[in-house]
Amino acid sequence: MSRKKIAAANWKMNTTLSEGQALLTDLLAHDLDQGTDVVICAPFTHLATLAAQTESLDNVSIGAQNMSQHDKGAYTGETSADMLLAVGVSHVVIGHSERREYFHESDELLGQKLRQAIDKGLVPIFCCGEGLDIRKAGTHVDHVITQLKTSFASFTAEDLSTLVIAYEPIWAIGTGETATPAQAQEMQAAIRTYLVERFGADMAAATPILYGGSVKPDNAQEIFSQPDVDGGLVGGASLKADSFSAIINSFS
Ligand code: PGA
């Protein structure tokens, strides 16, 4: 089965609205491979505007970087799935390592956010990954599979039919240090094996698994050519239209 090729941008807390609009306009002016699904995960303040800007484009979607696990109510400062959907957002990043680390989001909480995204019909980009200490100890595969097992505990294969996973080794995020293609492939093959065992071969074969962590135009092609790497979640290099368009066009 051929899986979707996905290049997802994670702008994090960068750009004002006008800067974000200009960055997207610049990106769309490039010659982009129409076979790649592009997802722009932008700050909340930009989402409605960017969704309107890309409404007529089949292969460009807008994603949020976080979302509440709650439906609605007295949760000051939070943003609900319905609010995202109402402005044209289709994707949501869940469990980015910065949310896990700085906002103490646990595997259990992320399971609740995942449930909310799926119930509402948002495509979840679910992040997992290990820190440097765990990589050095050699327990990285166990660590990542445990993250997934805990968050996915109450889900069926049918629930997760739209799931996208992003493997992001924390030691490679924003550091300029990239996992080697072999390191990415080792983990992503292990994730797929877990999906086969837990959810069955069809679900595992259909689930895109992205790599994230210092993806750049000069390493994207080699990483994306690994059999279990279906694309990238790109931070720093997505903030320049030239480099992100080169990454979008890096699938062979
Ligand atoms: P980076 O970020 O590409 O800047 O390493 C990736 C991410 O955090 O999603």
If you roll a 1.4 Å probe over the chain with all protein chains in place, what percent of the accessible area is carbon or sulfur? 52 percent
Segment 95-102 - phi-based ³J(HN,Hα) in whole Hz, Karplus 6.51/-1.76/1.60, Gly and Pro as x: x, 4, 4, 5, 5, 5, 7, 7
Tell me, what is the percent relative contact order of the chain, built from C-alpha pairs under 8 Å that lie six or more residues apart? 22 percent
Show me the three semi-axes of the equivalent ellipsoid for segment 177-240, from the C-alpha gyration tensor (sqrt of 5 times each eigenvalue), largest first, rounded to whole Å. 24, 11, 9
Just reorder 167, 75 by solvent-accessible area, largest first, 1.4 Å probe, all chains present. 75, 167
With the cut-off at 1.5 for a/c, could you classify the chain from its C-alpha gyration tensor as rounded, prolate or oblate? rounded
DSSP-loop GluC sites (Glu not before Pro) across segment 91-184, with at most 14 other Cβ within 10 angstrom: 158, 177
Two pseudo-spin positions, 7 Å from Cα along C-beta at residue 4 and at residue 159, lie apart in nanometres by 2.0 nm
Can you compute the charge dipole magnitude of the chain about its Cα centre, using +1 on each Lys and Arg Cβ and -1 on each Asp and Glu Cβ, nothing else charged? Give it in debye, rounded to the nearest 20. 180 debye
Rolling a 1.4 Å sphere over the protein heavy atoms, what is the accessible area per residue of the chain, to the nearest Å²? 44 Å²
Once Lys and Arg are counted +1 and Asp and Glu -1 for all other residues with Cβ under 10 Å from that of residue 190, the total becomes -2
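The values are calculated or read from the model by the stated rules, or taken from the named source; none is laboratory data. Source: prediction; values computed, not measured. As a convention, Cβ positions derive from the backbone with ideal geometry for all residues, glycine included, and neighbour counts pool all protein chains shown. Keep in mind that these areas ignore ligands, DNA and RNA; they rest on the heavy atoms of the full protein, side chains included. Shrake-Rupley method; radii C 1.70, N 1.55, O 1.52, S 1.80 Å.
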